[in-house]
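What follows is calculated from the coordinates using simple rules that are stated; it is not laboratory data. Since the model is a prediction, treat every value here as computed from it, not as a measurement. Quick reminder, even Gly has a Cβ in these numbers, built from the backbone with ideal geometry, and neighbours come from all protein chains shown.
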């Protein structure tokens, strides 16, 4: 493998575009990075050192003289709040809940600001979502389709994590627990004006003891 091929492999593993790498290494456009990766441009000693620093490896690793172990990049999220897996109060943001590190790949190429983390409280969504689980939520104000699991606030100050069912064009929304011990709630007509979708559940983070 050539130095250029190793640069491409590292850049790809870090989810970094050619333009971003160009900007971070002092080049004016992505075409320069393309030429470096293809071997059309060879880096001098200073360039190799610069690329190694940006890509998080040693010069020896970039030159193929030492093994490269690529660690997946992570991002840190504050745990925004507890969300009921029943029908209790939707908690306000709580700075005491700490943070969690998750792999960058879980964001599916979206910016970090498009997501937030909530902690599950209760067992109405058992077994898929258990008490204490963390849920990565994609922020959006509408559901993509009936039957998705989302975070919804209703009656102004109540909130929950539920499977959300509806029929497009009709004035109702049903909040459905996965645990059969709990009953669904149907929100109709004017009450929908006080209902707000916060986002869609995309990933469960569970600590196993």
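Quick notes
- Estimated FRET transfer efficiency when R0 is 30 angstrom, pair residue 205-residue 141 (beta carbons, to 0.05): 0.80
- Nearest-ten-degree value, helix 3-13 long axis tilted from longest Cα axis of the chain: 10 degrees
- Relative protection proxy for 198-206, 113-121, from highest mean packing down: 113-121, 198-206 (other beta-carbon atoms within 10 angstrom).
- A straight chain from residue 63 to residue 105 at 0.36 nm per residue would run longer than the Cα-Cα distance by 12.5 nm.
- When the helices of the chain are scored as -39500 (n - 2.57) per DSSP H run of n ≥ 4 and the total is divided over every residue, the value at 222 nm lands at -5500 deg cm²/dmol.
- Sites residue 74 and residue 40 - FRET efficiency at Förster radius 45 Å, r taken between beta-carbons, to 0.05: 0.85
- Among 165-175, 123-133, 26-36, the order from most to least packed when residues are scored by Cβ within 10 Å on average: 123-133, 26-36, 165-175
- Each of 187, 68 was scored by other Cβ atoms within 10 Å of its Cβ. Listed from fewest to most, they are 68, 187.
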